[in-house]
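A short write-up of the structure that comes next.
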Amino acid sequence: KYITVLSDSETGAVIDVSEGRTIEKSSELITSSLTQEQRGSVKTISMDMWEAFAKVAKKHLNQALIIHDRFHIAKYLTDAVDSTRRSELSKVDELKGQKYNFIKNFENLTDNKVSSFALAYEKAEKTANAWTFKEFFRDFFTMKDYKLGRCFFRKWCYKAARSKSTFINKVSKTFRNHSNGILNYLRSPQTNSKAENVNGTIQMIKVIAKGFRRFENFRIAILFHCGQLDLDPRKNQ
């Protein structure tokens, strides 16, 4: 079951929560949580590539810049690498136990992991190809010039569409379909970092409570712990 969380990207404060992630629920969440004046003042929106969120944002916050979150973009790539690895696992023994070595950034590998990774990279052609595309795309986030970034993005998608990994092919298509939101990162490098921290707290709330029978109880717990409430009693006297 899904919930949709509307939060402030600057402070990380949860504004409100709705049950589900449909267009109807997301639309209701925005219109009930923000006044028309507040909606008109929103400048940027950081989100994943879920179609319902994009449609609602364009309808109610059409002046705001939609930015697809770097974390979710990276996840598409790491998932593609791992799916490719699993598809070759039965044919390449060297890939066994290499899941996290291919998901991690290369510079984070310890010395004793590098040699086994290098051997697997040499033997598993499709997995190596997918990993290389994942690593190359990291350069996109370092681009300071929008035109250069757009050129890099187009070339990457063109080459990725012809990758030996069918999973990277699919990612290329997804990226092309959401190119505006991805390229907008170069205009305003907003991320979901605070939202991801909130998600981690929400998971802890759920675990500590051992689950919730009713959504409304879950919503109240989230707003209490993540709404950045001012609980100083002296201000209420």
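Residue-by-condition table, conditions (1) more than 23 Å from Trp50 (Cβ to Cβ); (2) in contact with a His (Cβ under 8 Å, 6 or more places away or on another chain); (3) open to solvent by 90 Å² or more (accessible area, probe 1.4 Å):
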{"residue": "Phe136", "(1), (2), (3)": "yes, no, yes"}
{"residue": "Phe141", "(1), (2), (3)": "no, no, no"}
{"residue": "Ser163", "(1), (2), (3)": "yes, no, no"}
{"residue": "Ser172", "(1), (2), (3)": "no, no, no"}
{"residue": "Thr191", "(1), (2), (3)": "no, no, no"}
{"residue": "Asn197", "(1), (2), (3)": "no, no, yes"}
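Among the listed residues Leu223, Leu231, identify the single one that is assigned to a helix (DSSP H, G or I) and either open to solvent by 30 Å² or more (accessible area, probe 1.4 Å) or hydrophobic (A, V, I, L, M, F, W, C) (or both).
Within the list Leu223, Leu231, the selection yields Leu223.
So, in segment 1-12, of the ones that are crowded, with 16+ Cβ neighbours inside 10 Å and not in a strand (DSSP E or B), which residue ends up modelled with the lowest pLDDT?
Filtering segment 1-12 for residues that are crowded, with 16+ Cβ neighbours inside 10 Å and not in a strand (DSSP E or B), the one modelled with the lowest pLDDT comes out as Ser9.
Find the residue count for segment 94-114, including only residues that are open to solvent by 80 Å² or more (accessible area, probe 1.4 Å) and without any contact (Cβ under 8 Å) to a residue 24 or more places away in the chain.
8
Given the conditions (1) open to solvent by 20 Å² or more (accessible area, probe 1.4 Å); (2) under 26 Å from Ser179 (Cα atoms), report the number of the one that Leu77 does not fulfil.
(1)
Among the numbered criteria (1) farther than 30 Å from Phe137 by Cβ; (2) in contact with a strand residue (DSSP E or B) (Cβ under 7 Å, 6 or more places away or on another chain); (3) not aliphatic (A, V, I, L, M), which one does Arg21 miss?
(1)
The values are calculated or read from the model by the stated rules, or taken from the named source; none is laboratory data. Because the structure is a prediction, the values reported are computed rather than measured. Methodologically, a virtual Cβ is constructed for each residue, glycine included, from the backbone with ideal geometry; neighbour enumeration extends over all protein chains shown. What goes into the accessible areas is simple: the full protein's heavy atoms, side chains included, and nothing from ligands, DNA or RNA. Shrake-Rupley method; radii C 1.70, N 1.55, O 1.52, S 1.80 Å.
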